[in-house]
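The values are calculated or read from the model by the stated rules, or taken from the named source; none is laboratory data. Just so you know, these numbers come straight off a predicted model, no measurement behind them. Cβ placement follows ideal geometry from the backbone for every residue including glycine, while neighbour counts extend to all protein chains displayed. To get the accessible areas, we keep the full protein, side chains included, count just its heavy atoms, and leave off ligands, DNA and RNA. Shrake-Rupley method; radii C 1.70, N 1.55, O 1.52, S 1.80 Å.
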Amino acid sequence: MEDCASSDEDYYYSSDRDSLDGLENEDSDLQWAPSKGPTTKVITKESLLAAQREDLRRVMEMLSLREHHARTLLIHYRWDVEKLLAVLVEKGKADLFSEAGVSVVEREDTVTPLSSSSTAMCDICIEELPADKMTKMDCGHAFCNDCWTEHFVVKINEGQSKRIRCMAHKCNAICDEAVVRNLVGKRHPDLAEKFDRFLLESYIEDNRMVKWCPSTPHCGNAIRVEDDEFCEVECSCGVQFCFSCLSEAHSPCSCMMWELWMKKCRDESETVNWITVHTKPCPKCHKPVEKNGGCNLVSCICGQAFCWLCGGATGRDHTWSRIAGHSCGHYIEDREKKTERAKRDLYRYMHYHNRYKAHTDSFKLESKLKETILEKVSISEERESRLRDFSWVTNGLCRLFRSRRVLSYSYPFAFYMFGEELFKDEMTNEEREIKQHLFEDQQQQLEANVEKLSKFLEEPFDQYTDDKVMEIRMQVINLSVIIDSLCKKMYECIENDLLGSLQRNTHNIAPYKSKGIEKASELAVCWSGKASTTTGKCLPSDCGTSGKRDRSFSFGTSDDKGCPSPKQPKKESYGGGFFDLNLPAEVLDRN
């Protein structure tokens, strides 16, 4: 193991100039090089309406629909425009509309309007009313305004605001949202606002590519991803999370593995295992009894004596050879197997949990290096020296934090990957052993190099000579490159050799990114009303983060215009480099 790591170090050390240039310019490339920018966007309460209209406009222009018809289609297909297009190509426009409950009037004269001078009967309340008291929907069914209003109020209160169907029997048409807003707003303005809010928030609640930030207290933001929902993102409020399950970022664990692991860590399952291994139930009161002496005649607090070897009830007298009224010379195989299995499972869990906890604790302790590192950099920059650029220190610290997190979460992954709880029938024992050795070999290489990097970063380089600092500099740069390469190899092993080889693979992990978890940029809202990330005249957004979940949005027509622009992510610059720690919220040091 050490020889392999040493040879890698020698290789990278020989090309230290290239490694140095690559690492020192890592963040500067992000700043100056032209790129497509972040693929994740922060949607604030100001930009939510524009983000929704971006998809609405695509469908309206493509199918020549009004806004409420386009919204009905998108809500039905969960705001997945690509899926909507696929259904359109496969089944045609008629089936697309009928499945979603859209009744499109091709020509205005196809539906005969109600004459203002005539009367009509409402089939709900069976009353003859003037035509101006009746309302006809796109599907052709007309009822009185009072019945429509009561119908809308009931549906809004039941939480069915997004898809209120016509009252006619077996009619699946969705009611016009403008009619709902108009009728309900006359009697219940608060319900009309609630209806608008539900329609607006459907872009987040029903859209699998958009989710609320899970921060507590809630920051009021939502995150939209462009490509893959199995990813890890960082909100503008600083919270990093798994987009798929909304828990903390846990790659390379899959969401199911992490959920099982957290449940295992916090519930009483391991307490039960400990009780099974170290105690015996009393044959009378059935309470667990722990043995505190060498004699195999044990007494429960209820007064019952029993044999520790087999658990059978006995008398209270015993001699050197036997216990009064008892003899247990026969072997009970099932009971022994159960105890041994519980003991083995407990020791296995403790092995992985101890290492997971050790790296988690190391991560928390190393996060405190931030202030110490900044002090060392500040002292080194003030003294007279030919070394002026200390970005290699902050870059190395970033690499240390990212790789420490990968190591920490790799142990819960290994616990379930090579156990029998999830993949018992997917691999033979021989295959499981081979794959386990392959993974553990890469895990140990990564672990060894991470510990070396941690050691060099803790060196008091502000007190060393220039030659000694140059030596540490080369070691930190080389180790950073090695660790990045080992992390990539571990993820490739997990995705291709471990999870990729399973027949029924339902586990997906977020991909590894050398620069850490991607920070979402705020969605720009331009004067044209389009949600865009390109150039244009935009007003600066002053929404910020409210510190609590504020969802009192206003819903306007398609002509409304707003223009908040994205906030620039903050970066602290020290020694010519960018200090981007990618730390969880609980350990971020916010000034």
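Assorted remarks:
- Restriction of the GluC sites (Glu not before Pro) in the stretch 187-226 to DSSP coil positions whose beta-carbon has at most 11 other beta-carbons within 10 angstrom yields Glu226.
- With DNA, RNA and ligands ignored, accessible area of Asp345 (1.4 Å probe; Å², nearest 10): 60 Å²
- Here's how it looks for Ala524: its modeled amide H is under 5 Å from those of Ser532, which are all 5 or more places away or on a different chain.
- By a 1.4 Å probe calculation restricted to protein chains, Cys147 has an accessible surface near 20 Å², given to the nearest 10.
- Straight-distance crosslink candidates among lysines, where the alpha carbon sits under 18 Å from Lys263 and sequence neighbours closer than 8 are dropped: Lys357
- With every protein chain in place, the stretch 117-188: carbon and sulfur % of accessible area (1.4 Å): 47 percent
- Accessible area of the stretch 117-188 divided out per residue, in Å², using a probe of 1.4 angstrom: 52 Å²
- Measuring between alpha carbons in the structure, the pairs from Lys91/Lys162; Lys489/Lys515; Lys280/Lys338; Lys45/Lys194; Lys83/Lys513 lying more than 19 angstrom apart are Lys91/Lys162; Lys83/Lys513.
- Stretch gain in nm, segment Arg341-Leu309, where the contour uses 0.36 nm per residue and the Cα spacing is subtracted: 9.8 nm
- For Ala178 and Ala86, a Förster radius of 30 Å and the Cβ-Cβ distance give a FRET efficiency of 0.55, rounded to the nearest 0.05.
- Extension gain, Thr372 to Glu127, is 80.1 nm, computed as 0.36 nm per intervening residue step minus the present C-alpha separation.
- Each peptide among 129-142, 63-76 gets the average number of other Cβ atoms lying within 10 Å of its residues, and from highest to lowest they stand as 63-76, 129-142.
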